[in-house]
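Below: the structure, in structure tokens.
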Amino acid sequence: MIEHSPTTATVRYVDTLQIQRDLETQKQAELASKRGPSYFLAQGLEGSRSGVSIAVNITPLIIPRSEVARLSAQKLSFAAYRAGSAIARELTPHGLKVVRGDGPVTRPISNKHLVHLCETTVCYIPYTTRAGKGRLIVKMTNFASGVAVPTKDGIHYRDVMPMKDTAMERNAFRVLGVHTDIDGRVTGIDPRFTAKGIAWSVDNIQAITDACKLRVMR
């Protein structure tokens, strides 16, 4: 795997769920402070009056990078498993073998501040055409930005622009075709699955299965 550092970006890993809880607490406190004396007397509450404000501190909770890395990998692995199952269900009836990924999640971005960016192999589909044997490899990343340049050793990601709000990142499929020898070793890149040397990138499974049925079976 060739690593490539993305454009510099400042990313804060914050506990958004805790922030939402704090905001709800503040909202309820503000509502209570605006209620008149009659409300509090009716409820039997002592010492309350209109205009009282209740201060609630809302401080973003910084999550350790190690935990961010673990949760990101876990989430991506689960999404890839589901995608692999869907691809297999679609392609197996057409006689196409789908070899599922074995689960490892890697971090192709070397920037130590961007530990939430990762990738994993969803599956690969072996095929044979007049040009010889090949393998269509479907990877999934949890970032949709940038381009993926296929190499015999994997994918080199270029021009990745990470989101400052990590919750805004979305998964993307990175698809590359490779030529293989009789022993299954990669010998080169199949240009049918690249455009100007860039790996094919899509955001839905149907596009992948349609391409397999139209191109791989030729």
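The values are calculated or read from the model by the stated rules, or taken from the named source; none is laboratory data. These figures come from a predicted structure and were not determined experimentally. Note that each Cβ is placed from the backbone with ideal geometry, even for glycine, and that neighbours are counted across all protein chains shown.
Please state which one of ALA199, ALA207, ALA211, ALA195 is within 12 Å of VAL147 (Cα to Cα) and surrounded by 13 or more Cβ atoms within 10 Å (Cβ to Cβ).
Details: ALA207 fails: within 12 Å of VAL147 (Cα to Cα); ALA211 fails: within 12 Å of VAL147 (Cα to Cα); ALA195 fails: surrounded by 13 or more Cβ atoms within 10 Å (Cβ to Cβ).
None of the others qualify; the one that does is ALA199.
One line per residue, one yes/no per condition, for (1) of a type in the set (Gly, Ala, Ser); (2) in contact with a Cys (Cβ under 9 Å, 6 or more places away or on another chain); (3) farther than 25 Å from ALA69 by Cβ:
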position: PRO104; (1), (2), (3): no, no, no
position: HIS113; (1), (2), (3): no, no, no
position: LEU117; (1), (2), (3): no, no, no
position: VAL122; (1), (2), (3): no, no, no
position: LEU136; (1), (2), (3): no, yes, yes
position: THR141; (1), (2), (3): no, yes, no
position: PRO150; (1), (2), (3): no, no, yes
Worksheet item: When you scan region 114-143, how many residues do you find that are more than 23 Å from the chain's Cα centre (by Cα) and either in a loop (DSSP other than H, G, I, E, B) or surrounded by 18 or more Cβ atoms within 10 Å (Cβ to Cβ) (or both)?
Response: 5
Worksheet, complete the sentence: Note on THR25: of the conditions (1) exposed (fewer than 12 other Cβ atoms within 10 Å of the Cβ); (2) among the hydroxyl-bearing types (Ser, Thr, Tyr); (3) modelled with pLDDT of 75 or more, unmet is (1)
Worksheet item: Take the residues of region 85-113 that are surrounded by 20 or more Cβ atoms within 10 Å (Cβ to Cβ) and not in a helix (DSSP H, G or I): which is nearest to the chain's Cα centre (by Cα)?
Response: VAL105
Fill in: Yes/no for ASP181 being touching a residue at least 24 places away in the same chain (Cβ under 8 Å), touching a Gly at 6+ places or on another chain (Cβ under 8 Å) and more than 30 Å from ALA69 (Cβ to Cβ)
no
Response to the item:
Residue set ILE109, ILE137; condition at pLDDT 90 or above and out of contact with any Lys or Arg (no Cβ under 7 Å at 6 or more places or on another chain); output residue ILE137
Worksheet item: Can you spot a residue in region 170-188 that is more than 21 Å from ARG100 (Cβ to Cβ), of a type in the set (A, V, I, L, M), at pLDDT 85 or above and surrounded by 15 or more Cβ atoms within 10 Å (Cβ to Cβ)?
Response: no
